[in-house]
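Read through the structure below, which is laid out as structure tokens, and then see the notes.
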Amino acid sequence: MATRRIGIIMNGVTGRMGMNQHLIRSIIAIREQGGVKLPDGDVLMPDPILVGRNAQKIEALARAHGITRWSTDLESCLRNQEDEIYFDAQTTKQRYESVSAAIRAGKHIYCEKPTATDTQEALALAVQARQAGIKHGVVQDKLFLPGLLKLKRVIDSGFFGRILSVRGEFGYWVFEGDWQPGQRPSWNYRQEDGGGIIVDMVCHWRYVLANLFGEVQALSCLGATHIPERVDEQGQPYASTADDAAYATFELAGGIIAHFNSSWCVRVYRDELLSIQVDGTHGSAVAGLRECKVQSRVNTPKAVWNPDIPNPIDFYANWQDVPDNAIFENAFKVQWEMFLKHVACDTPFPWDLLAGARGVQVAELGLRSWQERRWVDVPDLAAELS
């Protein structure tokens, strides 16, 4: 058994998601477990170099986690032939130029979503990557959440019969920043900085729906800016120019109807921050981030509408937990390991930059639907990739 080094340029890991999920809980966790075991018995050990604009922040982050390599010069990092992978977790507006430069440098690409601010740029990245002959992947972390992995198991078992509809509720109250600091960065609420919940979350719902139920064929979306003013990290008030809530309905291949409410202006009265209900002819399921419950048709109570008497049915009583039956690791770490093996030994990894472009496309069409107040069809981007 040999240990094989793989160099990774990690750009944008001083931000919340890049630092916590990608650096600490993924790459550092992989290093601490002794690397990624490959099919031939060798072990792949990631060797990251952290890249950022703020030297003080990036050096402190590297030192805190025992990482010896860091830089503020992306161009010089891309020239280093010993680092094979470029990873991008910057804000969306910065992503296109950096990823394009990494493709030109011959790096394999792994990046956060949205992959760009519009469909044209996102598709251009997919075309550039294909022409360069590099491997490329996009973060699709929700697919590897324990609750959704259990839901996928239920789907594959045939439990639902014919699936009719999907209902998703996502969100929580993000404090405005005046009397309590906000839990999300202020750029999320400025359209000019690439913010907005439609751009952020509809990309997620597209890949969840496509991988579990069917490709999105059409959509109708209504956005809203419920909180018109917030306070930034320096304590300064600013106008919220981006949407902080979205109410979207999707028509999927096979006739399934899906609806997702996404909001940073909702107080949570459910088990988890994300809840997805699936209803089929033979049964239903409710999945969250970690749990999944099912109700078959033989366990379905016979509800009758009668508001004149107290409700006689405990609607929670006839649902059953889907057991773990597995050890679930961090969703970002699972996908990182898959991508590293994809680069090292060409194991499958279907979530490429074209999948990322499809997410951007659906989000962009959601914005158009809101602006034009109508249903919008979703063309297939694959034909434009050649």
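The values are calculated or read from the model by the stated rules, or taken from the named source; none is laboratory data. Since the structure is predicted, the reported quantities are computational estimates derived from the model, not experimental observations. A quick note on method: Cβ atoms are made from the backbone with ideal geometry, for glycine too, and the neighbour counts reach across all protein chains shown.
Filter the range 50-63 for residues that are hydrophobic (A, V, I, L, M, F, W, C) and not in a strand (DSSP E or B); which is farthest from TRP336 (Cα to Cα)?
My answer is ALA55.
Do we find a residue being closer than 22 Å to PRO114 by Cα, touching a Lys or Arg at 6+ places or on another chain (Cβ under 7 Å) and not polar (S, T, N, Q) anywhere in the range 15-26?
Checked against the condition, which is being closer than 22 Å to PRO114 by Cα, touching a Lys or Arg at 6+ places or on another chain (Cβ under 7 Å) and not polar (S, T, N, Q), the range 15-26 yields at least one hit.
Of the conditions (1) surrounded by fewer than 17 Cβ atoms within 10 Å (Cβ to Cβ); (2) within 18 Å of the chain's Cα centre (by Cα), GLY133 fails just one. Which one is it?
(2)
Restricted to the range 319-334, and to residues that are of a type in the set (Phe, Trp, Tyr) and either touching a His at 6+ places or on another chain (Cβ under 9 Å) or within 27 Å of VAL138 (Cβ to Cβ) (or both), which residue is surrounded by the fewest Cβ atoms within 10 Å (Cβ to Cβ)?
PHE328
Before we move on, is THR91 at pLDDT 95 or above and not aromatic (Phe, Trp, Tyr)?
no
Please list, ordered by residue number, the strands (runs of 3 or more DSSP E) wholly in the range 225-315 having 2 or more residues that are among the small types (Gly, Ala, Ser).
245-252, 257-263, 274-280, 283-287
Would you mind telling me which numbered condition in (1) at pLDDT below 95; (2) on the phi > 0 side of the Ramachandran plot GLY133 fails?
Of the numbered conditions (1) at pLDDT below 95; (2) on the phi > 0 side of the Ramachandran plot, the odd one out for GLY133 is (1).
Could you tell me whether any residue of the range 316-328 is without any contact (Cβ under 8 Å) to a residue 12 or more places away in the chain and closer than 28 Å to MET19 by Cα?
Yes, the range 316-328 contains at least one residue that is without any contact (Cβ under 8 Å) to a residue 12 or more places away in the chain and closer than 28 Å to MET19 by Cα.
Hey, GLU337 hits all of (1) assigned by TED's automatic domain parsing to the domain that holds GLY18; (2) surrounded by fewer than 17 Cβ atoms within 10 Å (Cβ to Cβ); (3) among the acidic types (Asp, Glu) but one; which does it fall short on?
(2)
I need a count of the residues in the range 289-337 that are under 30 Å from ILE6 (Cα atoms), of a type outside the set (Val, Ile, Thr) and at pLDDT 95 or above.
Residues in the range 289-337 being under 30 Å from ILE6 (Cα atoms), of a type outside the set (Val, Ile, Thr) and at pLDDT 95 or above: 9 in total.
Would you mind stating whether GLN217 is in the same structural domain as GLY280 (by TED's automatic domain parsing) and not in a strand (DSSP E or B)?
So GLN217 does not fit the description; no.
Cβ-Cβ distance below 7 Å, separation of 6 or more or different chains: which pairs start in the range 55-71 with a residue that is closer than 14 Å to GLY18 by Cα and end on one that is of a type outside the set (A, V, I, L, M)?
Listed pairs, sorted by first residue: LYS57/THR14; ILE58/THR14; ILE58/GLY52; ILE58/TRP70; ILE58/THR72; LEU61/THR14; ALA62/TRP70.
Within the set of pairs 6 or more residues apart or between chains, which connect a residue that is assigned to a helix (DSSP H, G or I) inside the range 25-49 to a residue that is of a type in the set (Asp, Glu) and modelled with pLDDT of 95 or more with Cβ atoms less than 9 Å apart?
Short answer, once both residue conditions are applied: SER26/GLU337; ALA29/GLU329; ILE30/GLU337; ARG31/ASP47.
Filter the range 335-383 for residues that are among the small types (Gly, Ala, Ser) and in contact with a His (Cβ under 9 Å, 6 or more places away or on another chain); which is nearest to TYR247 (Cα to Cα)?
GLY359
List the number of the failed condition for GLY66; all other conditions in (1) closer than 22 Å to PHE349 by Cβ; (2) outside any helix (DSSP H, G or I) hold.
(1)
Consider the range 243-276. How many of its residues are of a type outside the set (Val, Ile, Thr), surrounded by 14 or more Cβ atoms within 10 Å (Cβ to Cβ) and under 19 Å from the mean Cα position of the chain (by Cα)?
Here the count works out to 17.
Can you name the condition, by its number, that TYR316 falls short on among (1) surrounded by fewer than 22 Cβ atoms within 10 Å (Cβ to Cβ); (2) outside the structural domain of GLY195 (by TED's automatic domain parsing)?
For TYR316, the exception is condition (2).
Can you find a residue in the range 361-374 that is part of a loop (DSSP other than H, G, I, E, B), touching a strand residue (DSSP E or B) at 6+ places or on another chain (Cβ under 6 Å) and at pLDDT 95 or above?
No, because not a single residue in the range 361-374 is part of a loop (DSSP other than H, G, I, E, B), touching a strand residue (DSSP E or B) at 6+ places or on another chain (Cβ under 6 Å) and at pLDDT 95 or above.
Report, by residue number, each residue of the range 167-187 that is surrounded by 19 or more Cβ atoms within 10 Å (Cβ to Cβ), out of contact with any helix residue (DSSP H, G or I) (no Cβ under 7 Å at 6 or more places or on another chain) and not in a loop (DSSP other than H, G, I, E, B).
Once the filter is applied, which keeps residues that are surrounded by 19 or more Cβ atoms within 10 Å (Cβ to Cβ), out of contact with any helix residue (DSSP H, G or I) (no Cβ under 7 Å at 6 or more places or on another chain) and not in a loop (DSSP other than H, G, I, E, B), the range 167-187 yields GLU169, GLY171.
For LYS150, only one of the following conditions fails: (1) part of a helix (DSSP H, G or I); (2) under 21 Å from VAL199 (Cβ atoms); (3) in the same structural domain as PRO323 (by TED's automatic domain parsing). What is its number?
Just one mismatch for LYS150, condition (2).
Failed condition for ILE155, given (1) surrounded by fewer than 19 Cβ atoms within 10 Å (Cβ to Cβ); (2) outside any helix (DSSP H, G or I); (3) assigned by TED's automatic domain parsing to the domain that holds THR300, with all others met?
(2)
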